[in-house]
Every structure is written in C-alpha cells, then in structure tokens.
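The values are calculated or read from the model by the stated rules, or taken from the named source; none is laboratory data. Computed from a predicted structure; not experimentally measured. Note that we place each Cβ from the backbone using ideal geometry, even for glycine, and neighbour counts take in every protein chain shown.
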Amino acid sequence: MAKRRRSILAVLWTGLARGCPVCERRGLFEHWLTMAERCPRCEFRFERREGQFIGAVGMNTVVTFAAVLGVLIIGMILTLPDIPVVELTTVTLVISIALPIAFYPSSKTLWGGIDLLLSPLEPGESTWTVEGPIEQ
C-alpha cells in the first residue's frame with residue numbers, strides 16, 4: 001500500500017504550530033528560545049547546514065514589519081482626521097518588541113519546514129521520511 005505524501009500546507013502548518021517538519025512531533029523547545037538540536041522522535045537535525053536559521057530571522061523580521069505596518073495603516077485609516085500619534089506609536093512599539101519574541105519558536109520550525117520542502121531529506125538525515133517512519 002502506497003503512503004500518502006504530506007501536502008505543502010500540512011508541512012507549513014506543522015512548522016507554524018512548532019512541530020517537527022518530518023514527523024510532526026511537538027515539544028521541540030526546552031525553553032521559549034532554546035530549540036532541541038534534533039527531534040526526539042525522528043532524529044531529524046533541525047539546522048541541516050550552518051547558518052540555516054538566518055532564514056527564520058528574516059521571516060520573523062518580515063512578519064513583524066508587516067504587523068507594524070498593518071497596525072499603522074489601519075490605525076490611521078480608522079482614526080482620520082485626528083490620528084492619536086502617541087497611542088498608535090505605543091501600540092506599534094509594543095508589537096515590534098513582543099511579536100518577534102512570541103513568533104521566534106514558530107519562525108524556526110516554520111523555516112525548517114520551508115527548508116525541507118526546498119531540500120528534501122537526504123538518506124540518513126532522519127529515521128523517518130516525510131511520508132512516515134522508515135520500515136526496517
């Protein structure tokens with residue numbers, strides 16, 4: 001019986017939910033900012049190449065910038081003609097500090113999923129394939 005390959009959306013959703021992009025296991029973070037080097041279930045090494053997580057940092061920056069820009073634009077549109085500059089500045093400042101910290105774990109696992117979609121597993125990288133456990 002052929003195994004069903006996980007869809008791109010399923011891999012991305014797993015990453016957004018802070019799961020392993022290969023086996024979907026959660027609980028990969030020892031602390032909020034400390035990710036395990038390998039998945040405890042499938043032994044997938046999250047940083048496959050040195051510097052790989054620069055993509056996660058970039059993604060976190062883009063998400064934060066988009067959120068700040070969105071709040072500014074929506075806030076200005078909703079409050080025209082008397083824009084509350086201090087309040088809007090305070091809200092965007094809080095978002096620009098809190099969002100990158102809150103999104104950090106998801107950005108790392110989501111980037112791991114994107115990397116896995118762009119560079120499929122090589123033999124020996126995991127005890128699983130994207131379709132499921134390797135049968136021995």
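Glu24 meets the conditions (1) surrounded by 15 or more Cβ atoms within 10 Å (Cβ to Cβ); (2) touching a residue at least 24 places away in the same chain (Cβ under 8 Å); (3) not aliphatic (A, V, I, L, M) in every case but one. The failed one is (2). Of all the listed residues (Glu43, Glu47, Glu30, Glu125), the sole one being farther than 21 Å from Leu12 by Cβ, of a type in the set (Asp, Glu) and surrounded by 11 or more Cβ atoms within 10 Å (Cβ to Cβ) is Glu43.
Look at segment 54-65: where a residue is farther than 13 Å from Leu16 by Cα and a partner is part of a helix (DSSP H, G or I) and of a type in the set (A, V, I, L, M, F, W, C), sitting 6+ places away or on another chain with Cβ atoms under 8 Å, you get Gly55/Trp111; Gly55/Ile114; Thr64/Ile95; Thr64/Leu99; Thr64/Phe103.
Condition check ((1) under 30 Å from Ile83 (Cα atoms); (2) touching an Asp or Glu at 6+ places or on another chain (Cβ under 7 Å); (3) modelled with pLDDT under 90; (4) not polar (S, T, N, Q)) across all residues:
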{"site": "Ile8", "(1), (2), (3), (4)": "no, no, yes, yes"}
{"site": "Leu16", "(1), (2), (3), (4)": "no, no, no, yes"}
{"site": "Gln52", "(1), (2), (3), (4)": "no, yes, yes, no"}
{"site": "Gly58", "(1), (2), (3), (4)": "no, no, no, yes"}
{"site": "Val63", "(1), (2), (3), (4)": "yes, no, no, yes"}
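Residues in segment 27-50 that are in contact (Cβ under 8 Å) with a residue 24 or more places away in the chain, more than 17 Å from Asp115 (Cα to Cα) and not in a loop (DSSP other than H, G, I, E, B): Phe29 alone. Scanning segment 68-84 for residues that are surrounded by 13 or more Cβ atoms within 10 Å (Cβ to Cβ) and not in a loop (DSSP other than H, G, I, E, B) gives Val68, Val71, Leu72, Gly75, Met76, Thr79. Go through the residues of segment 110-128 one by one and say whether even a single one is of a type in the set (Ser, Thr, Tyr) and not in a loop (DSSP other than H, G, I, E, B). Checked segment 110-128: no residue is of a type in the set (Ser, Thr, Tyr) and not in a loop (DSSP other than H, G, I, E, B).
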